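The values are calculated or read from the model by the stated rules, or taken from the named source; none is laboratory data. Please read these numbers as outputs of a predicted model, since none were measured by experiment. Here the Cβ positions follow ideal geometry from the backbone for every residue, glycine too, while neighbour counts run over all protein chains shown. We work out accessible area using only protein heavy atoms, side chains counted, and drop any ligands, DNA or RNA first. Shrake-Rupley method; radii C 1.70, N 1.55, O 1.52, S 1.80 Å.
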Amino acid sequence: MMEEDNFSPEERAVIYRCIRERRDVRRNFRPDPVPPDVLARVLAAGHAAPSVGFLQPWNFIVIRESATKEALHAAFTRANAEAAAMFEGERAGLYRSLKLEGLREAPLLLCVTCERERAGPVVLGRTHQSEMDIYSTVCAVENIWLAARAENLGVGWVSILALADLHRILAIPDPIVPVALLCVGYVDHFAHTPDLERAGWRKRLSLDDLVFEERFGERERTGVSG
């Protein structure tokens, strides 16, 4: 490997910091617009994601108009009421106390879609795992998220919506799959811990409990966290 291909310790530290400090942001969006050059860099990062068969199945819908945001918020409100009814007791009360979107507050929204038929019916690498194009699109979402964090932008993924509503509101043709609706914008601050962890919804799992050797469930030789 050429020396210039290597990352320095300082460069590695920045990458790991970006990963560690990425957050799902749902509040404290500032009204400041996202500059065009910053948005271009974030979208370019999404477009640089790995994709099976070099399919590049994604499209990016940039949403700024308040009417579209209001329509999406109304769709979220309906879906969120349905979701809240699925929980019982204290869990239901906690769920209803959570802020799970920033659709009206964020200066812009991004919808990331997957065009599954882009390369025809047979795609290299998708012959035996048909969902690989969806997974590739999720890689683009993660790239966007990390690039946005590096640009000091908050991102929140809103998944509590019916796909039919996304198709209707954003005029997405039926064969194309909406994968992620993201709230994007500058924020007052980034939380040190995830919102749901602070609220007591779930705790972060131990990495050692999730790493196996050779076979699922075998941990005898593990010790990833030291």
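Structure notes:
- Qualifying residues in the range 184-203 (those that are in contact with a Phe, Trp or Tyr (Cβ under 8 Å, 6 or more places away or on another chain) and under 17 Å from Arg64 (Cβ atoms)) - the one surrounded by the most Cβ atoms within 10 Å (Cβ to Cβ): Gly185
- When we screen Arg26, Arg30 for residues that are within 15 Å of the chain's Cα centre (by Cα) and either loosely packed, with under 12 Cβ neighbours inside 10 Å or over 19 Å from Cys139 (Cα atoms) (or both), the only hit is Arg26.
- Count of the range 176-212 residues which are without any contact (Cβ under 8 Å) to a residue 12 or more places away in the chain and either within 30 Å of Gly120 (Cα to Cα) or aromatic (Phe, Trp, Tyr) (or both): 1
- Number of the exception - Ser136 against (1) open to solvent by less than 40 Å² (accessible area, probe 1.4 Å); (2) farther than 30 Å from Ala40 by Cα; (3) among the small types (Gly, Ala, Ser): (2)
- Ala147 vs. criteria of a type in the set (Gly, Ala, Ser), exposed (fewer than 14 other Cβ atoms within 10 Å of the Cβ) and assigned to a helix (DSSP H, G or I): no
- Verdict on Arg20 being in a helix (DSSP H, G or I) and open to solvent by 60 Å² or more (accessible area, probe 1.4 Å): yes
- When restricted to residues that are outside any loop (DSSP other than H, G, I, E, B) and either at pLDDT below 95 or open to solvent by less than 40 Å² (accessible area, probe 1.4 Å) (or both), the range 170-183 contains 8.
- Selection of helices (runs of 4 or more DSSP H) fully inside the range 35-124 by the criterion of at least 3 residues being surrounded by 17 or more Cβ atoms within 10 Å (Cβ to Cβ) returns 36-47, 66-84.
- Residues in the range 127-155 that are acidic (Asp, Glu) and in contact (Cβ under 8 Å) with a residue 40 or more places away in the chain: Asp133, Glu142, Glu151.
- Scanning the range 150-159 for residues that are of a type outside the set (Phe, Trp, Tyr) and open to solvent by 40 Å² or more (accessible area, probe 1.4 Å) gives Ala150, Glu151, Asn152, Ser159.
- For Leu170: the one exception among (1) touching a Lys or Arg at 6+ places or on another chain (Cβ under 9 Å); (2) aliphatic (A, V, I, L, M); (3) under 30 Å from Pro57 (Cβ atoms): (1)
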